[in-house]
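The values are calculated or read from the model by the stated rules, or taken from the named source; none is laboratory data. Quick caveat, the model's predicted, so the values are computed rather than measured. Note that each Cβ is placed from the backbone with ideal geometry, even for glycine, and that neighbours are counted across all protein chains shown. Note: areas computed on protein heavy atoms with side chains; ligands, DNA, RNA excluded. Shrake-Rupley method; radii C 1.70, N 1.55, O 1.52, S 1.80 Å.
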Amino acid sequence: GEKYFDLIYDAAKYITSGAKHARARKYADAVLGRLELAATKDEIIQKRNKDLLMAYALIPLSGEDDLQARYLYIQQFLKESRGFGAQRAASEKTAGEIALTNLAMNAGYADSMRLTLRMETRLVEENRELFDPHTIDDLTVQLNVDDQGVTNLLCMKGSKALKSIPAKYKKNEYILRLNDMKKQLVEQQRRAKRMLEDAMEASTVFTAGEIAALMGNPVIAPMLRHLVFMQGERFGFV
């Protein structure tokens, strides 16, 4: 009940060592909805607060859009951590991985890998039309994925492929959307590559449905086709 919970909450600093009580309180505040989502994220950005990042993942979810936004921010935090020294980068990486585990638990996923599969697939599903040719005046533009899973922006003028977008179109709303999604999918390819490497090292088991979903992702499928899968005593490609 609330009465006894508050007694434990207030006494936390006397029954834990170091600053562990502060982390426990942040977790409790998050789970109970006492932390405001936007303000929490702003504080993480300003102070790079690792405990708050892990708690941020536990704030009650308002839907799958909220889930995806938090997932992408935690991935952004992990990317930014690589710009620091080795010791700080390692501690922030650990915090980011715990945050993903907390987010997966909050959303009802078995583990962070399953959360990652869903979020990465959803990102592509929501922007599938960007892979289809789109005409702007005499230009045809679209996203394209090479055989390594890397996303590129194709621009054609008639039958001629252009090396870059003409200057007068660079601020076009559709071109800006293409460029933004290209950046996100390039990052997705890097994340997916690390995820698949970790999965191989851990001998992770995938269901047929999960593999089918991954094969429907144009960024992940090219990498998946190069992997050897084991089912019982049989080995083969998907």
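Considering only segment 47-60, how many residues are of a type in the set (Lys, Arg) and either open to solvent by less than 20 Å² (accessible area, probe 1.4 Å) or in a loop (DSSP other than H, G, I, E, B) (or both)? Write out each step before concluding.
Our first condition is that a residue be of a type in the set (Lys, Arg); within segment 47-60, this holds for 47-48, 50.
Okay, now just the ones that are also either open to solvent by less than 20 Å² (accessible area, probe 1.4 Å) or in a loop (DSSP other than H, G, I, E, B) (or both), so 48.
Selection size over segment 47-60: 1.
Just to be sure before I move on: is Lys13 crowded, with 18+ Cβ neighbours inside 10 Å, among the basic types (Lys, Arg) and either without any contact (Cβ under 8 Å) to a residue 24 or more places away in the chain or not in a loop (DSSP other than H, G, I, E, B) (or both) in the structure I sent? Please lay out each step first, then the result.
On the way: crowded, with 18+ Cβ neighbours inside 10 Å: no; among the basic types (Lys, Arg): yes; either without any contact (Cβ under 8 Å) to a residue 24 or more places away in the chain or not in a loop (DSSP other than H, G, I, E, B) (or both): yes.
Considered against the rule, which asks whether it is crowded, with 18+ Cβ neighbours inside 10 Å, among the basic types (Lys, Arg) and either without any contact (Cβ under 8 Å) to a residue 24 or more places away in the chain or not in a loop (DSSP other than H, G, I, E, B) (or both), Lys13 comes out as no.
Every residue in segment 17-43 that is under 21 Å from Ala99 (Cβ atoms) and assigned to a loop (DSSP other than H, G, I, E, B), please.
Initially, segment 17-43 is screened for residues under 21 Å from Ala99 (Cβ atoms), giving 18-43.
Matches in segment 17-43: Gly18, Ala19, Leu32, Gly33, Arg34, Leu35, Glu36.
Can you name every residue in segment 44-67 that is out of contact with any helix residue (DSSP H, G or I) (no Cβ under 6 Å at 6 or more places or on another chain) and more than 17 Å from Ile98 (Cβ to Cβ)?
Of everything in segment 44-67, those that are out of contact with any helix residue (DSSP H, G or I) (no Cβ under 6 Å at 6 or more places or on another chain) and more than 17 Å from Ile98 (Cβ to Cβ) turn out to be Ile45, Gln46, Lys47, Pro60, Ser62, Gly63, Glu64, Asp65, Asp66.
Can you confirm whether Arg122 is open to solvent by 50 Å² or more (accessible area, probe 1.4 Å), among the charged types (D, E, K, R) and either under 11 Å from the mean Cα position of the chain (by Cα) or within 30 Å of Ile175 (Cα to Cα) (or both)?
Taking the combined requirement at face value, the residue does not satisfy it.
Consider only pairs whose beta carbons are under 8 Å apart and that are at least six residues apart or on different chains; among these, list those whose first residue lies in segment 25-39 and is open to solvent by less than 40 Å² (accessible area, probe 1.4 Å) and whose second residue is modelled with pLDDT under 95 and among the hydroxyl-bearing types (Ser, Thr, Tyr).
Final answer for the pair search is Ala28/Tyr9.
In segment 159-183, which residues are crowded, with 17+ Cβ neighbours inside 10 Å and in contact (Cβ under 8 Å) with a residue 40 or more places away in the chain?
Result: Leu178, Met181.
Of the residues Arg225, Arg234, which single one is surrounded by 11 or more Cβ atoms within 10 Å (Cβ to Cβ) and over 15 Å from Thr116 (Cβ atoms)? Before you say what the answer is, go through the steps one by one.
Working: Arg234 fails: surrounded by 11 or more Cβ atoms within 10 Å (Cβ to Cβ).
After applying the criteria, what remains is Arg225.
I'd like to check something: does segment 61-81 contain any residue that is open to solvent by 20 Å² or more (accessible area, probe 1.4 Å), part of a helix (DSSP H, G or I) and touching a Leu at 6+ places or on another chain (Cβ under 7 Å)?
No, every residue in segment 61-81 fails to be open to solvent by 20 Å² or more (accessible area, probe 1.4 Å), part of a helix (DSSP H, G or I) and touching a Leu at 6+ places or on another chain (Cβ under 7 Å).
If a residue has to be more than 18 Å from Glu173 (Cα to Cα) and over 22 Å from the mean Cα position of the chain (by Cα) to count, how many in segment 131-146 make the cut?
Just the residues of segment 131-146 that are more than 18 Å from Glu173 (Cα to Cα), to begin with: 144-146.
Still in the list and also over 22 Å from the mean Cα position of the chain (by Cα): none.
Of the residues in that region, 0 qualify.
If I go through segment 96-119 residue by residue, how many of them are over 18 Å from Thr207 (Cβ atoms) and surrounded by 20 or more Cβ atoms within 10 Å (Cβ to Cβ)?
5
Arg194: open to solvent by 90 Å² or more (accessible area, probe 1.4 Å) and more than 25 Å from Val141 (Cα to Cα), yes or no?
Values: open to solvent by 90 Å² or more (accessible area, probe 1.4 Å): yes; more than 25 Å from Val141 (Cα to Cα): yes.
When the stated conditions are applied, Arg194 passes them.
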